[in-house]
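For reference, the structure discussed in these notes is given below.
Quick note: the coordinates plus some simple rules give every number you see, no bench work behind them. Given the structure is predicted, the values throughout are model-derived calculations rather than measurements. In this analysis, Cβ positions are derived from the backbone assuming ideal geometry, glycine residues included, and neighbour counts consider all displayed protein chains.
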Ligand SMILES: Cc1ncc(COP(=O)(O)O)c(C=O)c1O
């Protein structure tokens with residue numbers, strides 16, 4: 001007869017697990033968040049593995065490889081990549097907890113928030129998990145959400161919201177553009193929405209949405225509506241002033257302008273968003289993506305207290321810690337200006353080639369990527385392999401209405417911040433030569 005385990009209630013079971021995981025250190029869980037003292041003596045903590053932070057990204061420790069200039073994942077800085085080879089350590093050990101805590105604090109700097117009610121989250125998963133977080137926690141089944149439609153990624157965010165039962169209205173713009181403020185005002189006046197979502201940069205089109213004016217409009221017309229931003233292709237290359245612009249949520253991922261390997265869902269939620277979570281009539285409609293499960297864990301990590309709900313990825317968190325240390329070591333304005341300069345240069349080269357961008361209006365053009373319409377005579381299937389042979393990897397199109405007609409050039413992170421690499425100039429030259437070899441001549 002198989003033996004049956006004696007039933008154990010969850011807190012008792014977690015306490016047993018905690019003793020197994022960290023014998024000398026009491027563990028916090030969602031059930032025990034209140035129990036531990038607020039401060040611990042960090043001088044007693046073992047030191048974490050030291051890493052050299054380099055400002056150079058000469059790929060000296062990376063095998064030679066084609067330069068990845070797609071709109072994410074992007075090229076890695078050596079120091080970020082090397083952080084991944086950290087020895088294995090306990091995810092509830094004091095050294096890792098300190099690293100995780102610092103990582104969360106640095107995210108506050110990156111998102112430009114000093115509001116203690118705002119809460120950063122770092123979870124194992126890709127950018128898509130940010131959509132699940134929003135959909136499972138901040139809207140309840142049947143509640144109305146207005147999705148600003150800019151392309152493939154806003155469509156999929158809408159789909160995710162529907163999966164969790166939201167009543168979604170999509171305000172769609174023509175390909176290569178974004179919904180305009182007057183029509184958004186009209187939509188907000190016609191219906192009461194729990195939330196509005198905007199894709200800051202829609203990676204399928206390179207269209208940049210304007211957040212500051214949008215937020216001011218929402219606060220004027222429908223002040224209770226939560227403003228949620230998909231910042232997967234914008235955080236760390238486009239300005240986002242979380243507090244000043246009164247945003248309620250920005251979700252992003254590790255692999256784009258932050259410059260870290262893929263695998264982390266990174267987000268910031270306002271006190272208002274957390275209140276919406278806490279005043280739900282029904283519990284969050286996900287288990288792993290329940291912010292109720294993660295909120296105490298994130299708070300504990302930031303307070304350098306060990307905590308467990310589900311195992312994080314220590315190596316990825318180390319890489320993120322290094323990336324954020326680099327990002328926050330200089331004023332954010334400098335970083336954004338460098339992305340803007342590189343973007344201007346690339347967009348000028350595209351115009352000089354006689355080519356058009358998918359994002360037609362210069363005010364709507366992203367600064368971390370460029371979506372370029374191909375000449376009618378040049379096929380994606382010819383130009384992309386041609387570029388790859390020249391050591392430059394661009395991406396094809398993904399907007400379903402124009403997918404085969406354009407290519408995408410990502411210019412984020414080290415490829416634009418470290419001029420020694422020469423990535424941008426090499427890519428522009430490859431594009432010029434490649435198009436000529438594919439038979440294109442500017443008329
Ligand atoms: C704007 C935007 N949102 C969401 C996602 C989804 O992120 P992930 O592929 O990391 O799940 C992406 C991916 O490229 C994106 O560009």
Quiz item: What order do you get for 353-363, 302-312 when each peptide is scored by the mean count of other beta carbon atoms within 10 Å, highest first?
Solution: 302-312, 353-363
Quiz prompt | Whole-number D in µm²/s for the chain (Stokes-Einstein; Kirkwood sum over Cα pairs; 4 °C, 1.567 mPa s) | solution = 56 µm²/s
Quiz item: So how do 399, 86 line up by other beta-carbon neighbours within 10 Å, fewest first?
Solution: 86, 399
Quiz item: Which residue, 82, 156, 191, has the most motion in a Gaussian network model of the chain that connects Cα atoms within less than 10 Å?
Solution: 191
Quiz item: What's log10 of I(q)/I(0) for the range 197-278 at q = 0.26 Å⁻¹, Debye sum over Cα points only, no solvent?
Solution: -1.31
Quiz item: Of the residues 347, 256, 400, which exhibits the maximal mean-square fluctuation in a Gaussian network model of the chain defined by a 10 Å Cα contact cut-off?
Solution: 400
Quiz prompt | 0 to 90° range, to nearest 10: angle between helix 181-190 axis and the chain longest Cα axis | solution = 50 degrees
Quiz item: Using Cα atoms only, what is the angle between the long axis of helix 94-110 and the major principal axis of the chain, expressed in degrees (0 to 90) to the nearest 10?
Solution: 40 degrees
Quiz item: Roughly how many whole Å is it from the C-alpha centroid of the range 282-301 to that of the range 173-213?
Solution: 28 Å
Quiz item: Ranking 121, 336 by Cβ neighbours within 10 Å, fewest first, what do you get?
Solution: 336, 121
Practice problem: Quick one: order 131, 245 by neighbouring beta-carbon count within 10 Å, fewest to most. | Solution: 245, 131
Self-check item: Extension gain (nm, one decimal) between residue 360 and residue 330, 0.36 nm per residue minus Cα-Cα
Solution: 7.6 nm
Quiz prompt | Acute angle (nearest 10 degrees) that the helix 380-389 long axis makes with the longest principal axis of the chain, alpha-carbon atoms | solution = 80 degrees
Quiz prompt | Computed lengthening from residue 282 to residue 112, 0.36 nm per intervening residue step minus Cα-Cα distance | solution = 58.0 nm
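Please grab the % of Cα pairs in the range 210-346 that end up more than 24 Å from each other.
For the range 210-346, the share of Cα pairs beyond 24 Å comes to 41 percent.
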Quiz item: For the range 283-431, what is the Kirkwood estimate of the hydrodynamic radius, computed as the reciprocal of the mean inverse distance between distinct Cα atoms, to one decimal in Å?
Solution: 18.6 Å
Quiz item: If you project the alpha carbons of the range 366-443 onto their three principal axes, what span does each projection cover, largest first, in Å?
Solution: 34, 27, 23
